[in-house]
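The values are calculated or read from the model by the stated rules, or taken from the named source; none is laboratory data. Keep in mind it's a predicted model, so treat the numbers as computed, not measured. Note that each Cβ is placed from the backbone with ideal geometry, even for glycine, and that neighbours are counted across all protein chains shown.
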Amino acid sequence: MSMMNDDRGMDRDGTPDLNDGLRRRGARKRVCKYCADKVAIIDYKDPQTLKQFITDRGKIVPRRISGNCARHQRKVCLAIKQARNIALLPFTQTH
Ligand SMILES: [Zn+2]
């Protein structure tokens, strides 16, 4: 009667590898820049700020990379589109 498996199960006290999952390499903080600043309205007339959220090819940076929350990502997205309409930002980078 060798029940090795049972022993292993008792060892962990209810906290599985949760830590391992959280701290992958670089443990980057997921804080939305706008939430941190308590910004409610994103100014589309501010291309300097908006440029942080577009790639050098003029595309909108996805949320995973920008770190924005869904709400602000949406606002950034809208602001970029408005800025494009008044020619503050390019639709695509001109070659
Ligand atoms: Zn946010």
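Selection of the stretch 65-82 for residues being polar (S, T, N, Q) and within 13 Å of the ligand (Cβ to nearest atom) yields SER66, ASN68, GLN73.
For the stretch 87-95, the criterion of being out of contact with any strand residue (DSSP E or B) (no Cβ under 9 Å at 6 or more places or on another chain) and either modelled with pLDDT of 85 or more or surrounded by 13 or more Cβ atoms within 10 Å (Cβ to Cβ) (or both) is met by at least one residue.
Of the numbered criteria (1) within 15 Å of the ligand (Cβ to nearest atom); (2) at negative phi, the one ILE86 fails is (1).
The helices (runs of 4 or more DSSP H) found entirely in the stretch 42-86 that carry 1 or more residues being touching a Phe, Trp or Tyr at 6+ places or on another chain (Cβ under 7 Å) and under 15 Å from VAL31 (Cβ atoms) are 63-66, 70-85.
Quickly run through the stretch 53-64 and pick out the residues that are within 15 Å of the ligand (Cβ to nearest atom) and either among the charged types (D, E, K, R) or closer than 15 Å to VAL39 by Cβ (or both). Across the stretch 53-64, the qualifying residues are PHE53, ARG63, ARG64.
Test VAL31 against the stated conditions and say whether it is surrounded by 10 or more Cβ atoms within 10 Å (Cβ to Cβ), modelled with pLDDT under 90 and assigned to a loop (DSSP other than H, G, I, E, B). Considered against the rule, which asks whether it is surrounded by 10 or more Cβ atoms within 10 Å (Cβ to Cβ), modelled with pLDDT under 90 and assigned to a loop (DSSP other than H, G, I, E, B), VAL31 comes out as yes.
The single residue among PRO47, PRO16, PRO62 that is over 12 Å from the mean Cα position of the chain (by Cα), at pLDDT 85 or above and not β-branched (Val, Ile, Thr) turns out to be PRO47.
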